[in-house]
1. Collect residues whose amide H, placed 1.01 Å from N in the peptide plane, falls under 5 Å from the amide H of VAL68; neighbours closer than 5 in sequence don't count.
2. I need the phi-derived Karplus couplings for the range 102-110: 6.51 cos²θ - 1.76 cosθ + 1.60, θ = phi - 60°, integer Hz, Gly and Pro marked x.
3. In terms of the ratio Rg/(2.2 N^0.38 Å) built on C-alpha atoms, what value belongs to the chain?
4. Can you give the local net charge around LYS91? Use residues other than it whose beta-carbon is closer than 15 angstrom to its beta-carbon, Lys and Arg +1, Asp and Glu -1.
5. List the aspartates and glutamates whose Cα lies under 18 Å from the Cα of LYS43, skipping any in the same chain that are fewer than 8 positions away.
6. Could you tell me which of the pairs LYS227/LYS274; LYS55/LYS93; LYS227/LYS272; LYS203/LYS227; LYS4/LYS93; LYS201/LYS250 are separated by over 21 angstrom between their Cα atoms in the structure shown?
7. Quote the convex hull volume per residue of the range 137-286, based on C-alpha atoms, as a whole number of Å³.
8. Past the 14 angstrom mark, what percentage of all C-alpha to C-alpha distances in the range 208-286 do you count?
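Just so it is clear, none of the values below were taken in a lab; they were calculated from the coordinates. Computed from a predicted model, the values in this text were never measured in an experiment. Don't worry about glycine lacking a Cβ; one is built from the backbone with ideal geometry, like all the others, and counts go over all protein chains shown.
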Amino acid sequence: MAAKPRIVIVGAGNLGSALAPALGRAGYRIEAIVARSIGVSLKSAKKLAREVGAKVVSALTDVRTDVVWLCVPDGEIARAARSLAANAGWKGKVVLHSSGALSSDALAPLRARGAAVGSAHPLMTFVAGARPSLAGVPFAIEGDASAVRVARRIVRDLGGQAYPIRKKDKAAYHAWGTFASPLFTALLATTERVADMAGVKAKEARRRMIPILLQTLANYAAFGAAKGFSGPIIRGDVETVERHLRALHKVPAAREVYLSLALAAVDALPGKNKAAMRETLRSARG
């Protein structure tokens, strides 16, 4: 593929809606958006297709393309691969999916029909209403050699950073990404519940927390976890931790999160009075 390959996007959800325009800006021709023929999926596909100058199709019959990129949930990848494999003419084509947890083997039906298959997962969060830049974003890539070459080229043109990953490491890799974003968001939601205990409602809590959250991330980026750590645990202030735990009895779920994270901090981060702190936390868990 000396020229930039033509691309078909399967799925017009949060990822597809961010990826397709980014590919267009990078000089790639989006031939079609594949979507279900009814419902919200079709409406989203039509909107995205208008934006990138593509057509909307429910199948790939008569669609000329070099690369098919599946941007569908993990649970739909195998079904989509089986459905696409019913079409002829896969020899010489590349098919990618963007699951962080599944390997390229999820596309085995297409490999059996002659396609080169791979996975290319951006370590980035995609939610409705937001289209993050892909510049500088790391993509974990694996699969057939020709698919990997094409994926690396596309990622480079997007301004991203391509990194190899072994198939056997994908579940752990995706768990890492889940800690970095979805579970971090869950922690913030729990934090809002604790703020409510202190008489601060969620919207105001978000506003007040932004400065400390941004500085915490800045400290982590600049110094790493150990040197970016602060608070009562690093000081070995057992009495303050005990006060926290007593207050958190009012919200048991938040108390359990506190205990889990505090124990993780004692194990992984610097701090004074580690033995006493660990015993206090373990006793509180019961």
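1. Answer set, sorted by chain and number: VAL8, VAL94, VAL95, LEU96.
2. Ordered by residue, 3J(HN,Hα) equals 9, 8, 5, 5, 5, 9, 3, x, 7 Hz.
3. 1.24
4. Here the charged neighbours net out to +2.
5. Within reach: GLU31, GLU51.
6. Numbers: LYS227/LYS274 17 Å; LYS55/LYS93 19 Å; LYS227/LYS272 14 Å; LYS203/LYS227 30 Å; LYS4/LYS93 13 Å; LYS201/LYS250 16 Å.
Result: LYS203/LYS227 exceed 21 Å.
7. Working: hull volume 22.2 nm³, N = 150.
Considering the Cα atoms of the range 137-286, their hull volume per residue is 148 Å³.
8. Counting pairs separated by more than 14 Å, the tail of P(r) holds 64 percent.
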